[in-house]
Structures are given as structure tokens and as C-alpha cells.
Amino acid sequence: MTVPPSAPSLRVLHAVTLHSPTGAFGGPVRVALNLAHGLRERGHEPRLLALADGFGPTPPTDVEGIPARLHNAKRLLPLGFSGITSPALLSEAKTLVRGADVVHVHLARDLVTLPVALAALKADVPVVLQTHGMVDPSDKLLAKVLDALAVRRVLRGAAAVLHLTTHERRGLDAVLGTPLTNAHALVNGVPRQDRRPAPDGPPRILYAARLQARKRPCDFVAAAPDILRRHPDARFVIAGPDEGELPAVQKMIADLGLGDRVSYLGALGSAEVLDELRRAHVYVLPSVDEPFPMSVLESLSVGTPAVVTVSNGLASAVRDAGAGRAVEDASQLADAVVALLDPEEARKASAAAHMLATDAFSIDAVVEDLLEVYGRATAQARGQV
């Protein structure tokens, strides 16, 4: 049901690097879409601007019902996501930012979001930046060049810079070289989901994230033999686009003789990920220094207990709520999973996970907070503050 806006409708342009059917760019796109849905439910007018990949010659004009301007990605440099752009997108961005009341940029050091932020600043349109942990101190030459040419300029010029954690805030201060005066803490949120019933059948352990070195999918596989010694019928599922770790994962599966126990589903759409989370007994994300993973929030939202490492930005919330386990290192993953397979522990952790997502990470509360940020930004632009 649409909620009537408490203030005049805002035209909000969300700019993110890349959208693809497989979710290759990960959490920032999911965050942008969740916020856009929340804004639209309150009568505002969100739009998505991004590169596209995997849709063929003509990208869609909406994403999950949100109007979108998507341009096929062109690779200029062999630098992963940092080396892709689209001249057509950059040209159109100059017009799109002038038609927005707020430009919300999901900022990375790349050739998409940085130019969009600069175009909005040049057009005197309020800019809200959200970096998702992607802009942190770096010794890489390209990062230093981009920081000097553009990143510090947009950090200073933004009406607000959103950060997830105090660690991220300190990193942004370090990049800028001085404490931010426009920082605002904003957690990620998820739409409310029904709590899934206790799964039937053998234990099903899930990893659903990009296969990337920082996310440690090999640690997930390495924990399987110890779990199988105590739960011989357990099954392990890996889902997500490959970002370099798939060969190592496949080799480890073969070396450990787990070919009949570990399944790789490839990249899944957002609805398919939720389906897999509902089927899982336990969700495991062994990543290190992960700011605020959306996959863990989605797991909690359906009532699936999560196992994370202590360097995960959600570790303390998961641990304190009893919504899963936070482990010091990969050697503790198996014990944590086995503890959550106990029927009584599973029941309590599932209830706690669902309550945590509903109470602490509701997209409704996040959007309410964000609208206050937008309100201050637009008032400042009109000279009212």
C-alpha cells in the first residue's frame, strides 16, 4: 500500500556503477533498489542510473518496477569495475541530474559514479553520497590519482556522506585528509519478509555471495568435512557470480572428495537468493572486513541464522541478538554451524534473526532517516538553512 508523503514529492536519482541479471556488482545495487522501493511507497519518484551488462543490445527501462536509465558497459581499462563506463551514460547524466531534486550516488572509485557526482555538483543539485565501504585509504596509484582529481572534491561538496560504521567513517576522514563535516550514519535495511518455517530434510548449509577472495568461499568448503563428520547427511550450496575464486573452490571440492556434497548454482537473481535462504538451515559468510553485507541482512529477514566472522560489520548485532554466531577465524566455522543445527538452538536463532531484521534493519526506518537527510539537503540548496 502506498504511504502518502509527509512532504512534497522528491525526484531522486540513484546512481550506481553496474546492474546485471546476476547481481555482479553486489550489495550497492540491492541497497539502491531497496531504498528506491521505500521512497516510491511514500509517494516519491526514484529513478536508477547505471551501466548494464548481460541484457543484450537493449537494456530494460525499469528494474523491479523502478524506472531506470541503463547503458551497456564499455571496458576502457583492465581494472575490473573501475575500468568500465559508457559515453552515452555520462552524456545523459548531465541532463538527468538537472531533472532531480536529489542525486544519491552510490560512490566508488570508478568512471561512472564519480562523473555523475561531479555533474550534479556542477549543476548545483544536492548530492548525497553512500560509499558502502568502497572508498577507503589505498596505496594504489589509480586510487591516489582519483582521490586527488575527484574523490575529495565530491566528499567536500556533498550535502551528506552516508556511512555504515565508525570504521568506514574513519576511512573516509583519512581519504579526505580531515574529518568530514557532512557525515551521517545510515544502516542498510531490508524489506520485511515472513519468517520461513523450519526447513525439512538434511541440513542445508548455504554460501550466497560473490566468489571473491575477501569473501573466502574456500573457507566455506574447508569447513564441510568437519560438519559432515557430525552430520553425515549435510548438503552444502554455493551461489554467486565468480570473481576469481571459482577455480580454487572447485579444486578444493575435488581434493576433499566433496563432489557429491557441494553444489555450485552459479549467479542467482534476487528472488532466487531469497528462495535459497528460505531453504537453508544455516547461512555462512566467512568474509573478512565486510562492512554491512546485504546477504546477511536478507538471511536474517527470512529467519535463517547466520555465521559470520568478527570483522563483519554485522557481527556484534548477530552475536548479541542470538541470531547466529560470530567466529574469530575460519577454524571455528564448523563448530558454529553444528551448534546452529541443534533443533532448539535453530528454533531460537531463527526467531532472533527474524526479530533483529524487523526491529533493527527495517527498510521503513532507514527510508524515514534518509528522507530527513534529503530534506536538509534540499532546504540547504534553497538557502533555507
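The values are calculated or read from the model by the stated rules, or taken from the named source; none is laboratory data. Worth saying up front: this structure is predicted, and the values here are computed from it rather than measured. Here Cβ is always computed from backbone atoms with ideal geometry, including for glycine, and neighbour counts include all displayed protein chains. Side chains included, ligands, DNA and RNA excluded: accessible areas come from the protein's heavy atoms. Shrake-Rupley method; radii C 1.70, N 1.55, O 1.52, S 1.80 Å.
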Q. Of all residues in region 292-332, which are part of a helix (DSSP H, G or I) and of a type in the set (Lys, Arg)?
A. ARG319
Q. Within the bounds of region 106-113, is there any residue that is of a type in the set (D, E, K, R), touching a residue at least 40 places away in the same chain (Cβ under 8 Å) and surrounded by fewer than 20 Cβ atoms within 10 Å (Cβ to Cβ)?
A. no
Q | Within region 365-385, tally of residues that are over 17 Å from the mean Cα position of the chain (by Cα) and closer than 21 Å to GLU41 by Cβ | A | 10
Q: Please determine, by comparing only the residues of region 22-37 that are modelled with pLDDT of 95 or more and of a type in the set (Gly, Ala, Ser), which one is farthest from ARG210 (Cα to Cα).
A: ALA36
Q: Within region 162-208, track down each residue that is assigned to a loop (DSSP other than H, G, I, E, B), within 17 Å of the chain's Cα centre (by Cα) and hydrophobic (A, V, I, L, M, F, W, C).
A: LEU164, LEU186, VAL187
Q | Every residue from region 310-349 that is open to solvent by less than 60 Å² (accessible area, probe 1.4 Å), in contact with a Gly (Cβ under 7 Å, 6 or more places away or on another chain) and more than 23 Å from CYS218 (Cα to Cα) | A | ALA349
Q) Any residue in region 9-16 that is of a type in the set (Lys, Arg), outside any helix (DSSP H, G or I) and over 23 Å from LEU146 (Cβ atoms)? A) yes
Q.
Every residue in region 103-145 that is among the small types (Gly, Ala, Ser), more than 19 Å from LEU89 (Cα to Cα) and assigned to a helix (DSSP H, G or I), please.
A. ALA143
(Q) For region 113-153, give me the residue count where each residue is in contact with a His (Cβ under 9 Å, 6 or more places away or on another chain) and either farther than 21 Å from ALA183 by Cα or modelled with pLDDT of 95 or more (or both). (A) 5
Q: Take region 38-68 and flag every residue that is among the hydrophobic types (A, V, I, L, M, F, W, C) and within 25 Å of ALA208 (Cα to Cα).
A: LEU48, ALA50, LEU51, ALA52, PHE55, VAL63, ILE66
Q) Got at least one residue in region 350-365 being open to solvent by 10 Å² or more (accessible area, probe 1.4 Å), closer than 21 Å to HIS184 by Cα and charged (D, E, K, R)? A) yes
Q. Of the residues that sit in region 1-21 and are among the small types (Gly, Ala, Ser) and buried (at least 19 other Cβ atoms within 10 Å of the Cβ), which one is modelled with the lowest pLDDT?
A. SER20
Q: Considering each of ALA24, ALA50, ALA36, ALA68 in turn, give the residue that is assigned to a helix (DSSP H, G or I), in contact with a strand residue (DSSP E or B) (Cβ under 7 Å, 6 or more places away or on another chain) and surrounded by 15 or more Cβ atoms within 10 Å (Cβ to Cβ).
A: ALA36
(Q) Tell me whether region 312-333 contains one or more residues that are farther than 23 Å from ARG230 by Cα, in contact with a Ser or Thr (Cβ under 9 Å, 6 or more places away or on another chain), without any contact (Cβ under 8 Å) to a residue 40 or more places away in the chain and not hydroxyl-bearing (Ser, Thr, Tyr). (A) yes
Q: Please work out which residue is nearest to PRO126 (Cα to Cα), limiting yourself to region 71-99 and to residues that are in a strand (DSSP E or B) and touching a residue at least 24 places away in the same chain (Cβ under 8 Å).
A: THR85
Q: Filter region 366-385 for residues that are touching a helix residue (DSSP H, G or I) at 6+ places or on another chain (Cβ under 9 Å), surrounded by fewer than 16 Cβ atoms within 10 Å (Cβ to Cβ) and either modelled with pLDDT of 95 or more or not β-branched (Val, Ile, Thr) (or both) and give the result.
A: GLU368, GLN384
Q.
Scan region 265-280 and tell me whether some residue there is without any contact (Cβ under 8 Å) to a residue 24 or more places away in the chain, open to solvent by 20 Å² or more (accessible area, probe 1.4 Å) and in contact with a strand residue (DSSP E or B) (Cβ under 7 Å, 6 or more places away or on another chain).
A. no
Q) Before we move on, is PRO305 surrounded by fewer than 23 Cβ atoms within 10 Å (Cβ to Cβ), touching a Gly at 6+ places or on another chain (Cβ under 6 Å), under 29 Å from HIS163 (Cβ atoms) and not small (Gly, Ala, Ser)? A) no
Q) When you scan region 230-260, how many residues do you find that are closer than 15 Å to PRO217 by Cα, surrounded by 12 or more Cβ atoms within 10 Å (Cβ to Cβ) and not small (Gly, Ala, Ser)? A) 15
